[in-house]
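Trainee: Have a look at this one before I ask anything.
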Amino acid sequence: MSGMRPGMLQKLTVKNFKRFREETVIDLAPITVLVGANNSGKSTVLQALSIFQYCVEVTRKKKNGTIALETRTIGPEEFGALPVASPTDLWPNGKATGTIAIGADFDGAARIRFEIKLSYNRFSIAPSVEGDVPAIMDGARIRYVPIHSGLALREEYLLAPARADRLRELQYGSVIRNLLWDLKENERERWKLLKGILARLYPLADIDVAFDKEVDRFIATEYNDHILSRPLDVVASGTGFQQVLQIFSGVLSQGNCIVLLDEPDAHLHARMQVELMRVFEDLADERGIQFVMATHSAHLLAAAPPGSLRAMIDGRAHPFATTPEQIDVLDTLGAFDRMEIVPLLRTKAIVFVENREDRNLLELFARKLWGDKKAREVWDRVCFLYTYQEPIAADVKLLARQVKDLLNAPSLSDLAGGRQPRFLVVGDRDYRRATSVAREKRELHKSAKSAGLKLDLRCHIWSRNEIENYLLDRHAVEKVVVANLDDSTKASAARTAVREALVSSLSESRSEAGIRIATKLQHEDRRLDYTKATHESDDVLNAEWGDGAALCDAKRVLSRIRGTLQERKIRTRLLDEDIIAAMATVPEEVKQVLNMIKRLAASGSKRKAHTRHKPVTKGKSSEGA
């Protein structure tokens, strides 16, 4: 992207406003993407900028041909910057204590700062300025475009002041046609640009607006439906089209230069979100329009330009300036899948698993062991990254080093108390010998500690083939199958079907397991011929097969059970979560891994760090304390 245009907003400073009790500085780029958990302050940043624009408008005065800002005192009913139930809602904890300070630094060393006080139920807005402020005020119009929430069925023509009032109150759905009409009549170049953007995003759609002030009472806005082959009012269009229409009518109307977008991805599918970000980039490059947006969309994050991300953590906005290669790493690992970037940056506690299914099963077991609330607390303090193959085979130590390098960027050094990232690797046995697993773990731990890596990394490989093998609990499966069968004869038949399917499928799995173990042995030792590998595979099976639940293909066994029940017309659900819920207890090895995850989460908790050296009460053990 090109650099900052003259007069572009470079920095926002906020203090004593909603979530930002202490002075907080947010560095802004031509496109700034705010990411973070719910209630992390993303929308508060947008609101602060919206209030800043309102303060500019109400304090601006023109005297003797020059523009100046003057202190104003207004009542709450006039303070239309934010729709709040009570004026005190603008302050932290809803108490109007102290002064709200909102300041903006612009390119060219210009600065505007407003102090807002509430006294005797009236707002006092006091400005202070530095640099060439008049030029900034003429060119830095800020407009907040909220999430689309629907269009008015009919829309009456509004004069500019009435339109401005509704926009200030975020009633975009009631002025869309007016905005389009104003663009068509008064901003022909921007109207042409809008039509070009819509054609780019919706190639088969064409939009027009008509209004005769002498005859019509309501503005009519139409788009051509390519299926019905006739014009329809935009209220009949899809919600995604209406969302795009609201965004760009807001972006291009009234000469806006800084646009605030709250979840612009709402109602749009993944490919459209990516294209939307590309349009924003083009407008920033070619038109000098600046964008500040809050989002939870993984697709917008992946498409965001380098240097545009700001992670909202602990009431601060941390620049997340990564290289394209680092973004590729996180994208490959799935770090953006469910906003994992937030716990990744906040705690630097990372769990590598093979895929999302492994993570989901661990979470189900965690809920079984600890309950929903405790499991959620632990999961919120760790980040799961995916290797999409068995982690050791994926050379997980190199992936961990890439993540460590990314997290140790100077802009992120103060996160999580300056702690170094900590890693836990949870992998599948994947038909390897127990001795091979032990050797690979030792080698991984040793290389992780080497001078070239210096990783805080722990590893656990399941003693069973994979985590799904712990679902082969016959009693739990039977309990799930008969749970909704009120007929004792049917229940008995269902139990019999489960046992027969389990025994037969495990028996059939033995030969396949032997082949896979032999293949692994040959992969470990290329000199080993097939006959010798088969003999060694038989030795492993004779020593470890038991009932087969540990070394079989658990997914295939469970599928066989489901198929047998279906063939015998036994209607029942057999979901993983139901099997785990029906277990008498969580398997010991799964408990061990969950406790490793809990310790990893606790090591990244600030509260834990503060209380770690608390003295133990006399007479009690440290475990009890």
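The values are calculated or read from the model by the stated rules, or taken from the named source; none is laboratory data. What you are looking at is a predicted structure, and each value in this text was computed from that prediction instead of being measured. As a convention, Cβ positions derive from the backbone with ideal geometry for all residues, glycine included, and neighbour counts pool all protein chains shown. Protein only, heavy atoms only, side chains kept; ligands, DNA and RNA dropped before computing areas. Shrake-Rupley method; radii C 1.70, N 1.55, O 1.52, S 1.80 Å.
Trainee: Under a Cβ-Cβ cut-off of 15 Å, what is the net charge of the residues other than Ala493 that fall near it, where Lys and Arg count +1 and Asp and Glu count -1?
Mentor: Working: positive: Lys490, Arg495, Arg499, Arg568, Lys569, Arg571; negative: Glu478, Asp486, Asp487, Glu500, Glu567.
Local net charge: +1.
Trainee: Taking a spot 7 Å from the Cα of Tyr120 along the direction of its beta carbon, which residues of region 69-108 have an amide N less than 15 Å from it?
Mentor: Within reach of a label on Tyr120: 73-76.
Trainee: Ok, one more. Obtain the nm distance between the two label points defined at Glu544 and Val274 by a simple spin-label model: each point lies 7 Å from its Cα along the Cα-to-C-beta direction.
Mentor: A separation of 4.1 nm, rounded to one decimal place.
Trainee: Taking the chain as the reference, fit the longest principal axis to its C-alpha atoms, fit the long axis of helix 42-59 to the helix C-alpha atoms, and give the angle between the two in degrees, 0 to 90, nearest 10.
Mentor: So the inclination is approximately 0 degrees.
Trainee: As an exercise, use a Förster radius of 51 Å and the Cβ-Cβ distance of Asp208 and Glu357 to find the FRET efficiency, rounded to the nearest 0.05. Walk me through the numbers on the way to the answer.
Mentor: Values: r = 50 Å, r/R0 = 0.97.
E between Asp208 and Glu357, to the nearest 0.05, is 0.55.
Trainee: Let me ask another. When the convex hull of the C-alpha atoms of region 1-79 is computed, what volume per residue in Å³ does it have? The partial results should precede the final answer.
Mentor: Working: hull volume 10.3 nm³, N = 79.
Hull volume over Cα atoms, normalised by residue count, gives 130 Å³.
Trainee: Mind running the shape call on region 391-525? Use the C-alpha gyration tensor, a ≥ b ≥ c as the square roots of the eigenvalues: rounded below 1.5 for a/c, prolate if a/b tops b/c, oblate otherwise.
Mentor: On the way: a/c = 4.68, a/b = 1.87, b/c = 2.50.
It is oblate, given that a/c is not under 1.5 and a/b is not larger than b/c.
Trainee: Something else now. Using a simple spin-label model with points 7 Å from Cα along the Cα→Cβ vector, what separation in nm is obtained for Arg499 and Ala152?
Mentor: Modelled inter-label distance: 7.3 nm.
Trainee: Angle check, please: helix 588-603 long axis (alpha carbons) against the longest principal axis of the chain (alpha carbons), in degrees 0 to 90, nearest 10.
Mentor: Around 30 degrees separate the two axes.
Trainee: Two-decimal Rg/Rh of the chain from alpha-carbon positions, Kirkwood Rh? Don't skip to the answer; put the middle values down first.
Mentor: Values: Rg = 30.7 Å, Rh = 28.8 Å.
In the chain, Rg relative to Rh is 1.07.
Trainee: Rounded to the nearest 0.05, what FRET efficiency is calculated for Glu189 and Asn64 with R0 set to 35 Å and r the Cβ-Cβ distance? Please list the in-between numbers first.
Mentor: Numbers: r = 33 Å, r/R0 = 0.94.
It comes to 0.60.
Trainee: Given R₀ = 25 Å, what would the calculated FRET efficiency be for Arg556 paired with Tyr388, taking r from the Cβ atoms and rounding to 0.05?
Mentor: 0.75
Trainee: With everything on Cα atoms, drop me the angle between helix 324-333 and the longest principal axis of the chain, reported from 0 to 90° to the nearest 10.
Mentor: Tilt relative to the chain: about 50 degrees.
Trainee: Heavy-atom accessible area of Leu565 with all protein chains present, probe 1.4 Å, nearest 10 Å²?
Mentor: 10 Å²
Trainee: What residues of region 501-527 lie in the reach of a label at Leu453, counting those whose backbone N is under 20 Å from a point 7 Å from the Cα along Cα→Cβ?
Mentor: Only 524 pass the distance filter.
Trainee: In whole percent, and with a 1.4 Å probe on the protein chains, what portion of the accessible area of the chain is carbon and sulfur? Mind dumping the intermediate values first?
Mentor: Numbers: 14150 of 29800 Å².
The nonpolar share, carbon plus sulfur, comes to 47 percent.
Trainee: Here's a follow-up. Considering only DSSP beta bridges whose two residues both sit in the chain, what percent are antiparallel, to the nearest 5?
Mentor: On the way: 48 of 78 bridges.
Of the beta bridges lying entirely in the chain, close to 60 percent run antiparallel.
Trainee: Taking only protein heavy atoms into account and a 1.4 Å probe, give the accessible area per residue of the chain in Å². Can you show the working numbers first?
Mentor: Values: 29800 Å² over 625 residues.
Dividing the accessible area of the chain by its residue count gives 48 Å².
Trainee: For Ser436 paired with Gln592, estimate the spin-label separation in nm (one decimal), with each label point 7 Å from Cα along the Cα-to-Cβ line.
Mentor: Calculated label separation equals 2.0 nm.
Trainee: Going by amide H atoms built from the backbone, whose H comes under 5 Å of the H on Ser40, apart from near neighbours?
Mentor: none
Trainee: Can you give the percent of C-alpha pairs in region 369-466 whose distance is more than 19 Å?
Mentor: On the way: 2433 of 4753 pairs.
Percent of Cα pairs beyond 19 Å in region 369-466: 51.
Trainee: Right, something else. Once the dipole of the chain is set up with Lys and Arg at +1 and Asp and Glu at -1 on Cβ about the Cα centre, which of Gln566, His535, Thr66 lies farthest towards its positive end?
Mentor: So the residue furthest toward the plus end is His535.
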